[in-house]
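Asker: To start, I am sharing the structure in question, which I have written as structure tokens.
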Amino acid sequence: MSAASRPTSKDVARAAGVSQAAVSLVLGGKWPGRVSAATAERVREAARTLGYRPNLAARDLRTGRTRTALLVVPTLTNEFFARVHEGAAAVAAAHGFGVLLYPSPEGTGPATDPFASAPAALDGVLASSMAARALSGIGAGTLPLVMLDSDPATGPGTATVNLAIADGMRQAAGHLLGLGHRRLAHLAADVDSWTFEVRAAALAGSVAAVPGARLETHRCALGVAQAQAAATALLTAPGPRPTALVCDDDLLAAGACKAARRLGLRVPEELSVSGFDDLTLATAVEPELTTVTLPAEEFGARGMTALLTAVDGGSPADAELPVSLTVRGSTGPVPARR
């Protein structure tokens, strides 16, 4: 179809029996409270029938929008952040926005602005707290910013969207304590991040509330090999051996299970292991991991929804998404009870 024969908003207005202003309101998503639902549906039906598509380029020139959001994550190799991106990108696409995915070059360290001028190239930023230091280089202070997995009391953004991380860790601890475990070890991610601080505090509080229960903490980098080395060290240290390992991540849990096998310990008969995230890896190992399931796609979607609200001049509310414990074969009763 030539440019001259393409349907215009005037054509849609004529077909729907409304004004061009009403067409603009409906197709721009700003009709609630100004146009009736029946009229809005009539406009959308006319647009579909005529094959009308708004000229986004012209609209963006008028509004100064780029219809582009930046998603800042610490890494592209972690399945969790890939799923967060999937959820965020789906919401953005439904609103005519594109998403640039930007991993912090140093993981959790600072990053340089990937654009000549971020405010000129972007409409807003959605960022993980694990990559928060990257924001100083990108210049997010001049743009709408929504933080993921960040302290709502001190976060730098317009709003925070969190997962109920503390509750998830309490569920994992309660499961193990309920199985009779009293000697627990925390295989903690050696990452300076709010989310891991919350996990550690929730686990410590749960264990402290049970008489006779003890908790020791060992920190290690996020990786299977590093977790295997750390788990080997704590399982072979002098003194009573832990009967349960609580891991901050499924990668750490997989490394812990590998260490147990190398030491001749059966999971869960002699050692229970729990993870966090519920990655594909959780069901790829044997026994399958008991782990805290995080709704990563919904997490990304809610974060992008909040950001688009901020971009449109609204004030998105902080949100927290529930999580759940998925019990599988890597945890069982304390060995003394068998």
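Asker: When the residues of segment 151-174 are filtered to those that are in contact with a strand residue (DSSP E or B) (Cβ under 6 Å, 6 or more places away or on another chain) and over 26 Å from Ala127 (Cβ atoms), which remaining residue is least open to solvent (accessible area, probe 1.4 Å)?
Answerer: That would be Ala172.
Asker: Take Thr75 and tell me if it is of a type in the set (Ser, Thr, Tyr), open to solvent by less than 70 Å² (accessible area, probe 1.4 Å), at pLDDT 85 or above and closer than 23 Å to Met304 by Cβ.
Answerer: Spelling it out, it is not the case that Thr75 is of a type in the set (Ser, Thr, Tyr), open to solvent by less than 70 Å² (accessible area, probe 1.4 Å), at pLDDT 85 or above and closer than 23 Å to Met304 by Cβ.
Asker: Sticking with this structure for a sec: Being open to solvent by 70 Å² or more (accessible area, probe 1.4 Å) and part of a loop (DSSP other than H, G, I, E, B) is the filter; apply it to segment 45-61 and report the residue that is modelled with the highest pLDDT.
Answerer: So, considering only residues that are open to solvent by 70 Å² or more (accessible area, probe 1.4 Å) and part of a loop (DSSP other than H, G, I, E, B), the one modelled with the highest pLDDT is Arg53.
Asker: Which ranges mark the helices (runs of 4 or more DSSP H) fully within segment 221-338 that have 3 or more residues being modelled with pLDDT under 95 and open to solvent by less than 20 Å² (accessible area, probe 1.4 Å)?
Answerer: So the answer is 296-311.
Asker: Could you check Trp194 against (1) touching a helix residue (DSSP H, G or I) at 6+ places or on another chain (Cβ under 6 Å); (2) open to solvent by less than 60 Å² (accessible area, probe 1.4 Å) and say which number it fails?
Answerer: Only one criterion is unmet by Trp194, namely (2).
Asker: Would you mention how many residues in segment 197-220 are part of a helix (DSSP H, G or I) and either surrounded by 17 or more Cβ atoms within 10 Å (Cβ to Cβ) or of a type in the set (A, V, I, L, M, F, W, C) (or both)?
Answerer: Selection size over segment 197-220: 10.
Asker: Right, another one. If I filter segment 11-44 down to residues being closer than 20 Å to Gly96 by Cα and not in a helix (DSSP H, G or I), which single residue comes out as modelled with the highest pLDDT?
Answerer: Among residues in segment 11-44 that are closer than 20 Å to Gly96 by Cα and not in a helix (DSSP H, G or I), the one modelled with the highest pLDDT is Pro32.
Asker: Residue under question is Ala111, and the condition is that it be hydrophobic (A, V, I, L, M, F, W, C), within 28 Å of Ser128 (Cα to Cα), at pLDDT below 80 and surrounded by 14 or more Cβ atoms within 10 Å (Cβ to Cβ); does it hold?
Answerer: Yes; evaluated as a whole, the condition is true for this residue.
The values are calculated or read from the model by the stated rules, or taken from the named source; none is laboratory data. Just so it is clear, the model here is predicted, and its values are computed rather than measured. Cβ sites come from the backbone with ideal geometry, for glycine too, and all protein chains shown count toward neighbours. To get the accessible areas, we keep the full protein, side chains included, count just its heavy atoms, and leave off ligands, DNA and RNA. Shrake-Rupley method; radii C 1.70, N 1.55, O 1.52, S 1.80 Å.
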